[in-house]
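One structure is given below, represented as structure tokens, and several questions about it will come after.
The values are calculated or read from the model by the stated rules, or taken from the named source; none is laboratory data. Remember, predicted model here, so these are calculated numbers, not experimental data. Positions of Cβ are generated from backbone atoms using ideal geometry, with glycine treated the same way; all protein chains shown enter the neighbour counts. For accessibility, only protein heavy atoms count, side chains too; no ligands or nucleic acids. Shrake-Rupley method; radii C 1.70, N 1.55, O 1.52, S 1.80 Å.
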Amino acid sequence: MKQYKALLVCSLLAMAGCQKVDDPFVDRVVAPVLVVIDNATGDGGGMTGEPVVSQKVAGPVTLAVKIYELDKSGILDYKVGIDSIPVTSLAIKLTKRDGTALGELKTDGAGKASISKTWAELGVAEPKAGSSVSLTWRGEYKGQAFARLSRVQAIN
């Protein structure tokens, strides 16, 4: 009987020590959508912290994103997996990292939104190879705000 009491006490102590503790330094929220930066070096999606889009010094700068909702209902079935569903008619705001507004866009039927600007409109008066502008794509989906960072860089 003493062994059972000792086992019970040890079990209660172990359970008391397993309380969930929130991370005090980083408030993490799962993004409601997947934002893929078009024509970015690398994948342009979730595997790159700040995707970079290379654009020629001469000519317009074209920037585009594709926005998807991820259907994870088939995640445990290898024949189904995760499905990417384009988010249509979603309002997106494109800003420079300092908050300067560059434009408001809306996704089309394929979940894509694009904008064309000059380097001067991006704040680069005399672009040369290596000039870059840090960008933020912002929106709200199903009541949850999201932001995606990217950068555009000038090439010859």
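Can you give the accessible area of Arg138, probe radius 1.4 Å, in Å² rounded to 10?
120
Can you work out the PRE-style zone for Asp38? Point 7 Å along Cα to Cβ, and I want the residues of segment 82-100 with backbone N under 16 Å.
Backbone N within reach: 86-94.
Compute the signed sum of charges (Lys and Arg +1, Asp and Glu -1) over the other residues within less than 15 Å, Cβ to Cβ, of Lys79.
-2
What does the accessible area of Ile92 come to, in Å² to the nearest 10, when a probe of 1.4 Å is used?
The accessible area comes out at roughly 0 Å².
What does the charge count near Thr95 come to, summing +1 for each Lys or Arg and -1 for each Asp or Glu among other residues with Cβ under 15 Å from its Cβ?
Computed value for this residue: +2.
Can you figure out the FRET efficiency of Ala101 with Lys72, using R₀ = 22 Å and their beta-carbon distance, to the nearest 0.05?
Using R0 = 22 Å, I get an efficiency of 0.05.
Can you flag which of Lys66/Lys128; Lys72/Lys142; Lys56/Lys128; Lys72/Lys93; Lys96/Lys117 are past 18 Å Cα-Cα?
Lys66/Lys128; Lys72/Lys93
Moving on to the next point. Leaving ligands, DNA and RNA out of it, report the carbon-plus-sulfur percent of the accessible area of segment 30-154 at a 1.4 Å probe.
Ligands and nucleic acids excluded, carbon and sulfur give 51 percent.
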